[in-house]
1. Name the residue, out of B:Val88, B:Val33, that is surrounded by fewer than 23 Cβ atoms within 10 Å (Cβ to Cβ), out of contact with any Leu (no Cβ under 6 Å at 6 or more places or on another chain) and not in a helix (DSSP H, G or I).
2. Is it true that A:Ala64 is within 14 Å of another protein chain (Cβ to nearest Cβ), assigned to a helix (DSSP H, G or I) and crowded, with 22+ Cβ neighbours inside 10 Å?
3. Given the condition over 30 Å from A:Lys29 (Cβ atoms) and among the aliphatic types (A, V, I, L, M), answer yes or no: does some residue in the stretch B:191-210 qualify?
4. From B:Ala77, B:Ala116, grab the single residue that is modelled with pLDDT of 95 or more, touching a strand residue (DSSP E or B) at 6+ places or on another chain (Cβ under 7 Å) and within 14 Å of another protein chain (Cβ to nearest Cβ).
5. Pick from the stretch A:292-312 the residues that are in contact with a helix residue (DSSP H, G or I) (Cβ under 7 Å, 6 or more places away or on another chain) and not hydrophobic (A, V, I, L, M, F, W, C): which of them is farthest from A:Glu281 (Cα to Cα)?
6. Kindly evaluate B:Ala111 against the criterion of being among the hydrophobic types (A, V, I, L, M, F, W, C) and closer than 27 Å to B:Lys201 by Cα.
7. Consider B:Asp183 carefully, then state whether it is of a type in the set (D, E, K, R), within 25 Å of the chain's Cα centre (by Cα) and crowded, with 18+ Cβ neighbours inside 10 Å.
8. Please determine, by comparing only the residues of the stretch B:36-46 that are within 14 Å of another protein chain (Cβ to nearest Cβ) and either in contact with a Phe, Trp or Tyr (Cβ under 7 Å, 6 or more places away or on another chain) or of a type in the set (A, V, I, L, M) (or both), which one is surrounded by the most Cβ atoms within 10 Å (Cβ to Cβ).
Amino acid sequence: MKMKTQQTAHQLPLSTSPEVVCFAFESQKEFKEVARKFAQEEIIPVAPEYDRSGEYPFPLIRRAWELGLMNSHIPEDYGGLGLSSFDSCLITEELAYGCTGVQTAIEANSLGQMPVIIAGNEAQKKKYLGRMTEEPLMCAYCVTEPGAGSDVAGVRTRAVKKGDEYIINGQKMWITNGGKANWYFLLARTDPDPKCPASRAFTGFVIEADTPGVQPGKKEMNMGQRCSDTRGVTFEDVRIPKENVLLGEGAGFKIAMGAFDKTRPPVAAGATGLAQRALDEATKYALERKTFGRLIADHQAISFMLAEMAMKVELARLAYQRSAWEVDDGRRNTYYASIAKAYAGDIANQVATDAVQIFGGNGFNSEYPVEKLMRDAKIYQIYEGTAQIQRLIISREHLAKYKR
Amino acid sequence: MAARVLVGVKRVIDYAVKIRVKPDNTGVVTDGVKHSMNPFCEIAVEEAVRLKEKKLVKEVVAVSCGPQQVQETIRTALAMGADRGIHVEVSGKDYDSLGPLQVSKILAALAKKEEASLIILGKQAIDDDCNQTGQMTAALLDWPQGTFASEVAVEGDKLKVIREVDGGLETIKINLPAVVTADLRLNTPRYATLPNIMKAKKKKITNVKPGDLGVDLTSRLEVLRVDEPPQRQAGVKVETVEDLVGKLKEAGRI
């Protein structure tokens, strides 16, 4: 039985399930509604084509920008909405439900902006955040290199001070929005002494993408989230004015890491959105497909799989909401943010794989929506801190509580 | 030109929800079910906001009748561009029996109180499909009506309305003040953008009681029973055209 596939995806029974999430404010429900409507009506119908072609979904990004769904972290003083992390996460989950490729392209803006939001001075915030709300521009977070991913202290890109400028030389890799960004947050090593600790050796910079010497590489063809623009970026004798240093020389590492506490909750929310989509698709299929004389949903093998998928999705949601709430309430949320990101990334992969399994042979096929989800899910265990790094962080934070 | 437009917005069960009849057959299940603004009311709000953007209208006032929850629906209208809202408080049994007759009396009273010169409503609500409120409101006010509008244009102190009727399109010209009911193709309602949702929080919603407007909410209708539509019966396959004709004759269809 061949069922209608991508075309019916937007008729998923989301609106029938009562919302169990606790909303502090009515407006949060309204934001979620707008994001959901946008995802259902505008992202879902075109996502498969963007996945096939790998084309950058700029029309969707522009629409999201027009609706105010992007750049939610930018404070009101710079033209943004100044939404809380919790609000941003609600929106992110809905967009990710539509397509995580599109959502990642949008989320990369938040990641790139976060160092400026937390460490920029007034002039820098006005200049680099202000322009994001005036037109739909993209930015990028340039830290990872071909030789250094998890080991941020191993970053080799050099920044040498020369008069009122810094000269940058180096290679960055896997930069989301690398080829579309208007500006980059860049982490480079300013202290060449190998004995200098990471906490003092690096500096954070804001670089205009059109600065001479900035060379984005080719768009990388990835397993999933294929419409997101991921590239290597080479910096060859790039000159940055000293005004573009964030906080001061040597403060880079702390800034780069500090950004994650705010950006890991939305990434976890994105993974949760993908998992929810996989669960909905699998459930819908299970209520249509028959085998051995009954709906497959009536076979316990399948219904138990769905139950476990549901458990994982609900818990991932609670985890990201907790981590967002902690940071909104003014507390350091590193422990919760890592837990949320690690858990959501892992379950997104499990739930997507199970969804393919429930679809059976159809699940393996590109005309059904779940194989894309499985391919898209993998990166959630890798970017924004690998599953292994998250465990390092969680164990460190956990043990620290007992050592006191 | 029309200074003030009144737009009625109704909170109904969301169009995508699977409706279930209550076990006691007195109505449909509404508890815990997703509700949203009636799609035709969205189109009405959109039209009113567009008139304001074209500077043909000074103020758009969104009105809804019902319990506390209808404030959500009014907020959506405010997020779409309405200037302020009026919540007519109706709850309990009164709300259960609230129908076009009572609503049109309320709207007529409000139109006089607010000195509105244009009322835009959805052509019908997707829960009761009455298609009566607009017409009744116009009659109570003794105003002309342009119903099933697929296009509305201001021409001086008159309104040109193109109506969708069974035979095609009918163009009429009516004097203001008037009542217009929106049909599907009148416009495509805008999204409430996040900045507009934030702005809407500052817009005012006033509470009014039907008694204050001198409206009697007593219903002249009594719902006897609500049932699901009959289950679709399986069809019968026939081999030849003769068989088909025979079966149709048997069923008394021809």
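1. Going through B:Val88, B:Val33 in turn, just one is surrounded by fewer than 23 Cβ atoms within 10 Å (Cβ to Cβ), out of contact with any Leu (no Cβ under 6 Å at 6 or more places or on another chain) and not in a helix (DSSP H, G or I): B:Val33.
2. Criteria met by A:Ala64.
3. No: the stretch B:191-210 contains no residue that is over 30 Å from A:Lys29 (Cβ atoms) and among the aliphatic types (A, V, I, L, M).
4. B:Ala77
5. Among them, the one singled out is A:Lys312.
6. Judged against the criteria, B:Ala111 is a match.
7. Criteria met by B:Asp183.
8. Per the stated criteria, the residue is B:Met37.
The values are calculated or read from the model by the stated rules, or taken from the named source; none is laboratory data. Every value quoted in this text rests on a predicted model; they were computed, and no experiment measured them. With ideal geometry, Cβ positions are generated from the backbone for all residues, glycine too; neighbour counts draw on all protein chains shown.
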